[in-house]
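S.K.: Take a look at the following structure, please.
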Amino acid sequence: MDIKNMKDRFEQLRTPFYYYDTGLLSETLETIRRETAGREGYHLHYAVKACANPEVLRLIQQAGFGADCVSGGEIRTCLENGFRADTIVFAGVGKADWEIELALEAGIQCFNVESIPELEVIAGIASKMGKVADVSFRINPDVGAHTHGNITTGLAENKFGIAMKDMTHVIGIARQLPSVRFTGLHFHIGSQILLMDDFEALCHRINELQDRLEADGIKVENINVGGGLGIDYAHPDEHPVPDFNAYFGTYARHLKLRPGQQLHFELGRAVVGQCGSLVTRCLYVKQTESKQFVIVDAGMTDLIRPALYGASHCIQNLSSTGPVRTYDVVGPICESSDVFAKDYLLPETRRGDLIVLRSAGAYGETMASCYNCRELPKAYIN
Ligand code: LLP
């Protein structure tokens, strides 16, 4: 749907707010369904950290996704919004005891374990509760993804996962613990990845590891390759739905699944990124000696990606068709990094104009904060 057609509705609402386009979300979910149909053993878990809006979650759950959670809060939210516990995988380097208890109580599918101390704590808690925890090990494959430094996760220097060379040893430890059951391997090399070569490199690393583990007599039921597929931030209208054909095709071609082995994905951004926009209003146009600023009522508290990662979002003025001018688009927060874009071309902008930041469906609302005692942004969904 053309966001410009939303102008009349947006005019009625107090800014800033998130708006989710469920038509586009349904189209995206349908594309994923089509591209995975007929590929045996493929399972999708939605990475809840990208967007936990209840209505968005419900649509994703109804499309047959499980969930990928990284906190007790996310597990609770998923259970409240219809996800079955046995479709939930639970990752994160710092799982607290109460979160492990909650997950065991609910009966989640699997813990993605990131260290030996964590494995031992899970085993201890499971044993006390009289349960057996299914675990996968998150492996650091040391594959560099071509994306922003703060969102690559698969390099040896990152805090995530266990080194590949230690795997046989770690699986050996798990096998000694009666209250855990080793079921699989988990990977995630980073986020906003647009080069399929990066996912192909991951496949080769997994193939190597599987060969080695097999030689050591270790059988693996599940392979979880994480998420990471990127979206086109520069052209949201040209590419509203990511290239899932290339993505799933890369795994189908390069990953050597063993007979009966199940393949799990944890996509976040690619599912919801293009479906959300942050809608704001121009408060002031401020001219200084060297710059013209459009000061909007949304700030880094509502969408932190530009300030935190230098990310750029496409910005549109829905109210003006005037001649194009160059602006720095900034928020009201008392931080010099509260900038959405520098030297950005917009039609001549005035106080009161509706301004939209596109592709904000992933890591937008979920990363909002109350800094400066601001209210969290509201969300509307069509
Ligand atoms: N699985 C694991 C283990 C992850 O750490 C992540 C994301 C995902 C799946 C989902 O990745 P996706 O498909 O969304 O790329 N806040 C940053 C992104 C952080 C990603 C963290 N992990 C941003 O705004 O770009």
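S.K.: Loop only per DSSP, at most 16 neighbouring Cβ atoms within 10 Å: give me the GluC sites (Glu not before Pro) in the stretch 292-370, ordered by residue number.
M.R.: Working: sites: Glu335, Glu348, Glu365; in loops: Glu335, Glu348.
For GluC sites (Glu not before Pro) across the stretch 292-370 that sit outside H, G, I, E and B with at most 16 neighbouring Cβ atoms in 10 Å, the list reads Glu335, Glu348.
S.K.: If ligands, DNA and RNA are left out, what is the accessible area of Met129 with a 1.4 Å probe, given in Å² to the nearest 10?
M.R.: 60 Å²
S.K.: Moving on. What trypsin sites (Lys or Arg not before Pro) does the stretch 1-86 have in DSSP loop regions with at most 14 other beta carbons within 10 Å? Walk me through the numbers on the way to the answer.
M.R.: Numbers: sites: Lys4, Lys7, Arg9, Arg14, Arg33, Arg34, Arg39, Lys49, Arg58, Arg76, Arg84; in loops: Arg14, Arg39, Arg84.
Those satisfying the criteria are Arg14, Arg39.
S.K.: Here's another thing I want to ask about it. State the percentage of accessible surface on the chain attributable to carbon and sulfur atoms; use a 1.4 Å probe and exclude ligands, DNA and RNA.
M.R.: Answer for the chain: carbon and sulfur cover 50 percent of the accessible area.
S.K.: Would you kindly derive the ³J(HN,Hα) couplings of the stretch 338-355 from the backbone phi angles with the Karplus curve 6.51 cos²θ - 1.76 cosθ + 1.60 (θ = phi - 60°), listing them in order in whole Hz, with x for Gly and Pro?
M.R.: Working through the residues one at a time gives 7, 10, 8, 6, 10, 6, 9, 8, 9, x, 3, 10, 10, 3, x, 5, 7, 10 Hz.
S.K.: Still on this structure, I have one more. Testing the spin-label approximation: label points 7 Å from Cα along Cα→Cβ at Leu213 and His235. State their distance in nm.
M.R.: Inter-label distance under the simple model: 3.9 nm.
S.K.: Given the options Leu308, Leu185, Leu267, state which has the largest fluctuation in a GNM of the chain using a 10 Å cut-off (strictly under) for Cα springs.
M.R.: Comparing Leu308, Leu185, Leu267 in the GNM, the peak value goes to Leu308.
S.K.: Anything over 28 Å Cα to Cα? Flag those among Lys4/Lys342; Lys128/Lys256; Lys7/Lys342, in the order listed.
M.R.: Beyond 28 Å between Cα atoms: Lys128/Lys256.
S.K.: What ranking of Met167, Met6 comes out by heavy-atom accessible area, probe 1.4 Å, highest first?
M.R.: Met6, Met167
S.K.: Does the chain classify as rounded, prolate or oblate by the C-alpha gyration tensor (a ≥ b ≥ c root eigenvalues; a/c under 1.5 gives rounded; else a/b over b/c gives prolate, otherwise oblate)?
M.R.: Details: a/c = 2.11, a/b = 1.95, b/c = 1.08.
Prolate shape, in that a/c is at least 1.5 and a/b is the bigger ratio.
S.K.: Further question on the same structure: State in Å² the accessible area per residue of the stretch 22-272; use a 1.4 Å probe, count heavy atoms of protein chains only, and round to the nearest integer.
M.R.: Spelled out: the 1.4 Å probe surface of the stretch 22-272, per residue, equals 41 Å².
S.K.: Run through the stretch 36-91 and list the GluC sites (Glu not before Pro) located in a DSSP loop whose Cβ has at most 15 other Cβ atoms within 10 Å.
M.R.: Numbers: sites: Glu40, Glu55, Glu74, Glu80; in loops: Glu40.
The qualifying sites are Glu40.
S.K.: If you don't mind, there's one more thing I want to ask. Find the eigenvalues of the gyration tensor of the Cα atoms of the stretch 58-106, then list the square roots of 5 times those eigenvalues as equivalent ellipsoid semi-axes, largest first, in whole angstrom.
M.R.: Working: eigenvalues 75, 20, 14 Å².
The equivalent ellipsoid of the stretch 58-106 has semi-axes of 19, 10, 8 Å.
S.K.: So what is the relative contact order of the stretch 22-272, in percent, for Cα pairs below 8 Å that sit 6 or more residues apart?
M.R.: 21 percent
S.K.: Still on this structure, I have one more. Using modelled backbone amide H atoms (1.01 Å from N, in-plane), which distant-in-sequence or interchain residues come within less than 5 Å of Ser359's amide H?
M.R.: Those lying under 5 Å, H to H, from Ser359 are Gly276.
S.K.: Net charge near Thr22: determine it from the other residues with C-beta under 11 Å of the C-beta of Thr22, scoring Lys and Arg +1 and Asp and Glu -1. Display every interim value, and only then the final one.
M.R.: On the way: positive: Arg58; negative: Asp21, Glu27, Glu55.
Around Thr22, the charge tally is -2.
The values are calculated or read from the model by the stated rules, or taken from the named source; none is laboratory data. It should be emphasised that the depicted structure is a prediction, and the values quoted were computed from it without experimental measurement. Note that we place each Cβ from the backbone using ideal geometry, even for glycine, and neighbour counts take in every protein chain shown. Note: areas computed on protein heavy atoms with side chains; ligands, DNA, RNA excluded. Shrake-Rupley method; radii C 1.70, N 1.55, O 1.52, S 1.80 Å.
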